[in-house]
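See below for the structure under consideration.
The values are calculated or read from the model by the stated rules, or taken from the named source; none is laboratory data. Just so we're clear, the structure is a prediction, and the values are computed from it rather than from any experiment. Cβ coordinates were reconstructed from backbone atoms using ideal geometry, including for glycine residues, and neighbour counts include every protein chain displayed.
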Amino acid sequence: MVSPIYAIAIPLGAAFLLPLFEKAGKNAAKALVLAILAALTALPVSWLVVWIVNTPNLAGLLRVSPLAVDTGGFPAPISIRLAAGIGEALVMALVNLTAFLGITHMLVRSQAKPTGKTLVLLLTLVTGVNGLILTRDLFNIFVFLEITSISTYALIASNGSKRAYEAGFKYIIAGSIASSIYLVGVIYLYRLTGSLSLDHLPRSGGTAIALMLLTTALLLELKPFPANGWSLDVYQAADPGISAMVSAVGASGVLFVLYKLTPLLSPTHLRLIAGSGAVTFVFSQVIALRQTDVRRMLGYSSTAQIGLMLLVIGSGRGTIPTIVLLGLLLGNHMLSKAGLFWVTDLIDGNRTIASMSDSGSLPALARNKPLLVAMIGILLAALAGLPPFPSFWAKWHLVSALVPNGRWLLVAVVLGGSLMEAGYLFRWFTRFTKASEDPGDVHQERIPADVPVTTRPQTGTVSSRSGKEALARQAASTAAATQATTQTIPQVVRQAEQPVEISGSPVPTIIATLVLVFGGIAAAVGFLAPNQELILLVPLAVLLIGALLDTLRIPSKIQLLLGMLGIGVYSWLLLPSLGGIPLVFGLLFLVGGLLQMIALMQRKGHQPGLAVLVSTLLFSLGNLLFVQSRLGFFFSWELMSIVSYLLIVRGRAASGAALRYLMFSLGGAYSILVGLVLLPTGFAPHATSSLWAGILLGTGFLIKIGTVGLHIWLPGAYAEAEDEVSSLLSSVLSKAGLFMLFTTAGLFIQPLLRSVPGVTLAYLLGWLGALTALAGAFLAVFQEDIKYTLAYSSMGQMGYMLLSFALMTQLGWINSMYLAVTHLLFKTMLFVAIAGVVHRTGTRLMYRMGGLISRMPVSFFSVLIGIIALSGVPPLTGFGAKWMLYTALIEKGWYLQAGMAFFASAIAFLYLFRLIHTIFLGQLKDEHREIREAPLWYLVPQLIAIIGIMLVSMFPNLLIKPLEMAIAGYFPQTIAWQGSTLVSTLGYWNGNAVMYVTMGVFLVPLVWLLATRRKHNQKVRQFNIVYSAERPDRPQTTHYAYNFYAPYRSALGSFLTPWATRFWKRVLSVVRVVGSSTRRIYSGDGQTYALYVLLYAIVLMLLLRGGN
Amino acid sequence: MKDIAMKALYTLISLFVILNYGLLLTGTMARVRAKVQGRIGQPVYQPYIDILKNNFLRTSIYHGVMFFLGPVFRLAGGLGTYLFIPVIFGSTIFSNFAFSGDLLLVMYFIFFGQLGMALGAGQSGHPYSPIGVSRGLAQMTAFELPFALAVISIASQYGTLSITGIVAAQQGGILNWVAFTNPLAMVAGMISFLGMSMDNPFSIVLAPQEIPIGPPTEMNAGFLGMLQTNRAIFNGAKLVLFMNLFFGGAGNLLVMVVKTFLLYFYVVFVGASFPRFRPDQSIRFFLGIPTLIGIAAVVLQMV
């Protein structure tokens, strides 16, 4: 194998010789630099390949004896030893690869190409870092530290701007302090032990002070909070190419040195390192939340990542070796951070649009450069620790190591910080990739400007005079409004089509992205293979194939057909192997998903990402059905969350809503993560376990369900997603949380307190379910936007499912699944029908519609069946659900919950009537006189769902009996069948007979009217009514639709206060305030920064006293 | 086959009885109201005349399919509600189709007609219809809450949701009636009944005096006739339901007539004595004291 010495000798030598090569020609010098870096990358890779080929498993790989070189031919304490083990090889490969890509990026970009001097400095930097990684001598480390630092100062200043000089100068001051402390430590250590070789230093005794000085110095080099103000200016002021190198390459060497020191350090030292890392991680994330400058934000993120790695180094032994964890995090951080810096360089060559607050100037990247957007998304996802990227696996193993040791504070720091990081990263993503048409946040209720303030619902009553004015104004503006709606869209497109200049070649960034993707997949294979769960990677394969098809610009229809085919085959293979509850939900997810995909077939042309994301989402839902290991489950769950986020963010004004969705989903996922780690016996269905596991897992699932209090994400996500996607989210995806509750039901049945056996977690879930049903219904009543109405309605329906589930009785569980299945059917009808209406009318505001029954009769019929099925009016399916719900509740003795559920179901009538009346009945608007029925692709799934609903209504036992079988054995039998009558301990219900009686009583009057009054019946035209002693001539004056339930609003008064929304807004504002006040410690003054550095060192030393 | 023919015959008898009784009751109560207000009032048989007249008018104006179906829905709702209730305890003829479902079915079938009617009226395009509907639905949600609580309380008291079962449990003397064994449930239920009957003080839904509001606004001729027919049947059904739930049911037709007459009289009595609430006032009313009474009735069953 090639000796490690070349990793230092070659770049150093080349750095000196480079000016000579420049004489031969600029390109020769550049080629030399690239060749050297390529060789340096190949070198450690070659070692790795040899080792991997020669050793069978990971454990053996970690024990492989390092390649060692003693300089000058003397043995180690006298000479300097360079050693390359598996860790060194890994980090070196990553460092040199990043450096190679970074320099390539700078060479191929269109402006500010690096000069020969810059190349020399870059090579020196690489030399320094390689040296830091390889050397085993403490003084030699100091030398390489200095080489690294000096080349960094020079590189920062090479930008030539005043700010860059200033930043470089601050860097010098802080770096010098750290170096001095290091040097003093080295002197001490040599005085005490007579050796500086890491391999020969004694492992214990008497060296505490010296090691403390070394640790302090290294920590300072790693820019810990709050002594890191000096480093942050660099990211903002320096050339992004240089920033990438400083952030990704520079720190890695120092970090590795600290890792190499750990065998010498005492537990106190380690705890201090972990603490320092934790503080840096969490505060950097908080401050990053408040950044408007992208590069500064990335800078904070870098600091935070370093903090996380310090935490890993300091927190000691875990389930997998620290070096693997570190390797995953480091590789992930280097490639993604460097990649992101390069991206800012690419799309913002003139350094003008890096500010996030200036959204007006942001280019509509999503429309113009879908590939670039995909790349940014991948880099951000990797940085935020989403699956399958390396940091995701690292996060899992880090938390699994911390939780059993009871290090709750660190767990909270890691997860809280990660959540914030995802928050600001994806906020940037949505802001940066979406056009300026997206307001960035969503209003709860969209009240247009033409409604005067006095008639707005807050005041309760409608002032008649201003109301009339409003109507008049509205009528006058109708024509203008219709014109406007048709005109705004082209305007938006025009704005969006301002050209986006890509300055330079994206190839290095693409390579970095691909390395990350393949690294992630390799990690996924590595971590999932031991549990024989490689099949969980199917969704990823689907994602990759779909991405490929997207790149080839295959039309969405074909992609969707392929997706449907794939899901069909998958279901065919998977479903027969399932049984019981998983089979019910399997049908729900996969067959329900297929139903949703039909509506998407309406899309014309090529819709980037649509088909692939929908297919991936359904496949990842499929994963949940059979996953066995905890890690496999968490992987699938997170994958599902991120894919659904990407689907939601496609909505035209969905950025705010999607971000909320992501934040809540990730919060829930982290709660699930800790809960899973707490499970003692692995993730098996119906495992009984600790209370906390139940609470944490339950919280995660409840977030997905959208339980009241945790529902903030729900209305926006459902409403602002594309119309057909909303249907998918509401009818299919929302059941994922419910399914997991069923799977882990054993966690919820133990009493919270021994003395009160009735109060279990399930009991609390029951109350939450009832409250959710009520809150969802109330919130739906007062919406003007139809999609918000449906969104809140879904929330309420999920509340019933939760309530039924929580009963933990046979009838309760049957009802919960019965509701899940019928909800799929009727919500598909409602959402897709409304999608058709919105598609045709171009508005979501209900009062802008009216009288559409004559234009869209099929959609009307579908909505009619949908609302009857939802409301619970016999003879359709809804009544079965109500009957089972109340019977089960009263059997269980949950009387008050039953009362609440009944109230909620009565409230549901309000919004359902409003929905169908204001859209389809009342007065047809002039601008809608010519519109047609919804497109065929929308009608097909509705008709299928109608057939389903009618079948189940007619023969309820078709659905109830299989559900009964699915949960057979879990609970004592409380229901019985007498023919088609379902008998409970309290009452009975014969769905069949009800249907016949209803048909009978309906037909008799109908036949009567048709037969006896046929000659007299006379249909009249729209305006053939008398209102205000006059025949109306404008639909607007007589369509009663806006603020429909004004009296209810005023009757309820403060009861309608949105407490949950208010609470989460408070939380957000507190985090923001903490962020902006913490940020104030960065005064920008070099002296202050130097003082911080010194104080930090002093505080660390005080804390470390006696840490031997 | 014979069974089905007999059932059809019984059903017809049962419907005939309730229709006539309902119409006569409506006529009688109209006269009672007139007496209170110092008028002579209409003849008792006036409802018959109204229905006949409406059914023979020259034109029935309608605005579309849903409008056409609205009264059909309404009457089907009334008929269905009635047919799912056992009227006379122990009688085969008047047991109707109670075997199809229990009390929950009746409670939800009440909505069938209301929803259909509301939709039909909505298609007229007249703003008074949806205004009336919005008030009516809003008020309905409020009075259903105490009623539901009363029902839950009774169901837990007797351990059944079957109406026949509830009536059976009340047999054996006046003191076995829910009115005495569970007075709180009765009070909550009977206050709800006022709202359900849409008489004063809860009559804003129809606003009968000043401007006719609500679904009948645009209905005429055969459509209106159907609504009036329904009102008689539906009223009868509701009275029978409340009689069964709170006042021991009826063993024969005479007892039924007496009990339901008194129940209706109670509604008229209250209506004649009190002025009308605004919608928001009536909502707040029902969600206040009656709901608390209902909760108390339920809680008493839990302890």
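Counting just the residues of segment A:716-733 that are under 14 Å from residue A:785 (Cα atoms) and charged (D, E, K, R), which one comes out surrounded by the most Cβ atoms within 10 Å (Cβ to Cβ)? Checking each candidate, the answer is A:720.
Somewhere in segment A:28-36, is a residue touching a Ser or Thr at 6+ places or on another chain (Cβ under 7 Å) and not charged (D, E, K, R)?
yes
Table: residues versus (1) small (Gly, Ala, Ser); (2) farther than 22 Å from residue A:785 by Cα; (3) in a helix (DSSP H, G or I).
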site: A:901; (1), (2), (3): yes, yes, yes
site: A:918; (1), (2), (3): no, no, yes
site: A:942; (1), (2), (3): no, no, yes
site: A:994; (1), (2), (3): no, yes, yes
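Answer yes or no as to whether residue B:141 is part of a helix (DSSP H, G or I), under 30 Å from residue A:890 (Cα atoms), at the interface with chain A (Cβ under 7 Å from one of its Cβ atoms) and among the β-branched types (Val, Ile, Thr). So residue B:141 passes the test.
Enumerate the pairs (first residue in segment A:921-945 and farther than 17 Å from residue A:591 by Cα; second residue anywhere and among the charged types (D, E, K, R)) with beta-carbon separation below 6 Å, excluding pairs fewer than 6 apart on the same chain, so at least 6 apart or on different chains. Going by the 6 Å Cβ cut-off, the qualifying pairs are A:931/A:840; A:931/A:855.
Here residue B:39 passes the criteria (1) more than 9 Å from every other protein chain (Cβ to nearest Cβ); (2) touching a Gly at 6+ places or on another chain (Cβ under 8 Å) except the one numbered (2).
Restricting segment A:144-168 to residues that are out of contact with any Ser or Thr (no Cβ under 9 Å at 6 or more places or on another chain) and charged (D, E, K, R), which is surrounded by the fewest Cβ atoms within 10 Å (Cβ to Cβ)? Selected residue: A:162. A Cβ distance below 7 Å, combined with a sequence gap of six or more or placement on separate chains, defines the contacts here; from segment A:322-345, residues that are farther than 23 Å from residue A:242 by Cβ reach residues that are outside any helix (DSSP H, G or I) in the pairs A:325/A:318. Just so you know, in segment A:327-358 the residues that are touching a helix residue (DSSP H, G or I) at 6+ places or on another chain (Cβ under 6 Å) and at pLDDT below 80 include one that is surrounded by the most Cβ atoms within 10 Å (Cβ to Cβ), and it is A:354. For segment B:273-300, the set of residues classified as in a helix (DSSP H, G or I) and either surrounded by fewer than 19 Cβ atoms within 10 Å (Cβ to Cβ) or acidic (Asp, Glu) (or both) consists of B:273, B:280, B:281, B:284, B:289, B:292, B:296, B:299, B:300, listed by residue number. Only one of A:87, A:102 is within 19 Å of residue A:41 (Cα to Cα), at pLDDT below 90, part of a helix (DSSP H, G or I) and not aliphatic (A, V, I, L, M); which? None of the others qualify; the one that does is A:87. Evaluated against (1) buried (at least 24 other Cβ atoms within 10 Å of the Cβ); (2) more than 8 Å from chain B (Cβ to nearest Cβ); (3) in a helix (DSSP H, G or I), residue A:850 falls short on exactly one condition, (3).
May I ask you to verify whether residue A:867 is facing chain B (nearest Cβ under 9 Å) and either touching a helix residue (DSSP H, G or I) at 6+ places or on another chain (Cβ under 8 Å) or under 20 Å from residue A:798 (Cβ atoms) (or both)? Judged against the criteria, residue A:867 is a match. Would you confirm, using the coordinates I've provided, whether residue B:270 is part of a helix (DSSP H, G or I), of a type in the set (A, V, I, L, M) and closer than 20 Å to residue B:243 by Cβ? Considered against the rule, which asks whether it is part of a helix (DSSP H, G or I), of a type in the set (A, V, I, L, M) and closer than 20 Å to residue B:243 by Cβ, residue B:270 comes out as yes. Does residue A:953 meet the test of being crowded, with 21+ Cβ neighbours inside 10 Å, more than 10 Å from every other protein chain (Cβ to nearest Cβ) and under 28 Å from residue B:81 (Cα atoms)? The answer is yes for residue A:953. Among the residues making up segment A:776-834, those that are more than 21 Å from residue A:898 (Cβ to Cβ), of a type outside the set (A, V, I, L, M) and in a helix (DSSP H, G or I) are A:787, A:788, A:789, A:792, A:794, A:826, A:827, A:828, A:831. Condition (residue is more than 14 Å from chain B (Cβ to nearest Cβ), of a type outside the set (D, E, K, R), under 28 Å from residue A:1020 (Cβ atoms) and crowded, with 24+ Cβ neighbours inside 10 Å) applied to segment A:820-833: is it met by at least one residue? So far as segment A:820-833 goes, yes, one or more of its residues are more than 14 Å from chain B (Cβ to nearest Cβ), of a type outside the set (D, E, K, R), under 28 Å from residue A:1020 (Cβ atoms) and crowded, with 24+ Cβ neighbours inside 10 Å.
If the condition is being more than 8 Å from every other protein chain (Cβ to nearest Cβ) and either under 55 Å from the mean Cα position of the chain (by Cα) or outside any helix (DSSP H, G or I) (or both), then segment A:1008-1023 contributes A:1014, A:1015, A:1021. Restricting segment A:134-169 to residues that are closer than 21 Å to residue A:187 by Cβ and charged (D, E, K, R), the residue that is modelled with the highest pLDDT is A:146. Among the residues of segment A:988-1007, the ones that are farther than 30 Å from residue A:977 by Cα, facing chain B (nearest Cβ under 8 Å) and surrounded by fewer than 21 Cβ atoms within 10 Å (Cβ to Cβ) come to 2 in all. Screening the candidates A:959, A:982, A:963, A:915 for the property of being in contact with a strand residue (DSSP E or B) (Cβ under 9 Å, 6 or more places away or on another chain), under 26 Å from residue A:885 (Cβ atoms) and modelled with pLDDT of 90 or more yields one hit, A:982. Kindly check whether there is at least one residue in segment A:410-418 that is modelled with pLDDT of 90 or more, touching a helix residue (DSSP H, G or I) at 6+ places or on another chain (Cβ under 9 Å) and polar (S, T, N, Q). Yes, segment A:410-418 contains at least one residue that is modelled with pLDDT of 90 or more, touching a helix residue (DSSP H, G or I) at 6+ places or on another chain (Cβ under 9 Å) and polar (S, T, N, Q). Annotation note: of B:95, B:60, the sole residue that is at the interface with another protein chain (Cβ under 8 Å from one of its Cβ atoms) and of a type outside the set (A, V, I, L, M, F, W, C) is B:60. Could you tell me whether segment A:603-611 includes any residue that is of a type in the set (S, T, N, Q) and either touching a strand residue (DSSP E or B) at 6+ places or on another chain (Cβ under 6 Å) or surrounded by fewer than 22 Cβ atoms within 10 Å (Cβ to Cβ) (or both)? For segment A:603-611, residues of a type in the set (S, T, N, Q) and either touching a strand residue (DSSP E or B) at 6+ places or on another chain (Cβ under 6 Å) or surrounded by fewer than 22 Cβ atoms within 10 Å (Cβ to Cβ) (or both): present. Name the residue that is nearest to the chain's Cα centre (by Cα), counting only residues in segment A:868-899 that are part of a loop (DSSP other than H, G, I, E, B) and either on the phi < 0 side of the Ramachandran plot or buried (at least 24 other Cβ atoms within 10 Å of the Cβ) (or both). Across segment A:868-899, the extreme among qualifying residues is A:872. Residues of segment B:114-128 that are more than 8 Å from chain A (Cβ to nearest Cβ) and touching a Ser or Thr at 6+ places or on another chain (Cβ under 7 Å): B:121 alone.
Here is a yes/no grid of residues against (1) without any contact (Cβ under 8 Å) to a residue 24 or more places away in the chain; (2) away from chain B (no Cβ under 14 Å):
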{"position": "A:1025", "(1), (2)": "yes, no"}
{"position": "A:1030", "(1), (2)": "yes, no"}
{"position": "A:1042", "(1), (2)": "no, no"}
{"position": "A:1056", "(1), (2)": "no, no"}
{"position": "A:1085", "(1), (2)": "yes, yes"}
{"position": "A:1088", "(1), (2)": "no, yes"}
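Can you say whether residue A:817 is farther than 24 Å from residue A:893 by Cβ and touching a helix residue (DSSP H, G or I) at 6+ places or on another chain (Cβ under 7 Å), as far as the supplied structure shows? Judged against the criteria, residue A:817 is not a match.
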